[in-house]
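Would you mind keeping the following structure in view while I ask a few things?
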Amino acid sequence: MKSIKKGFKAAVVDAWPRDVSPHVLRHTAAVHMAEACVTMDEIAQYLGHSDSRITASIYARYSPEHLRKAASALEFG
């Protein structure tokens, strides 16, 4: 694990923004999957979560599309 972190850090030395980590990439991928209507069960399986409720509680709430869908239910006319 330490060598993966070291290798990733070396790869992003010249990248912007510099605070990108494997965790950030994992989170971003999950949010993009949620926005693309991939089911929480599929995202959970991809991420290795044992329960899709964990996935939904962590990743779905960060998706603007997730909130936009909820807001559109209140639109009239």
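Quick note: the coordinates plus some simple rules give every number you see, no bench work behind them. No experiment lies behind these values; they were computed from the predicted model shown. Counting neighbours? That spans all protein chains shown, and the Cβs are built from the backbone with ideal geometry, glycine included.
In nanometres, what is the gap between the two model label sites at S3 and S57, each 7 Å from Cα along Cα-to-Cβ?
3.6 nm
Test of understanding: what is the full-extension gain from E75 to V12, defined as 0.36 nm times their sequence separation minus their Cα-Cα distance?
Numbers: separation 63, 0.36 × 63 = 22.68 nm, distance 4.35 nm.
Extra length available between E75 and V12 comes to 18.3 nm.
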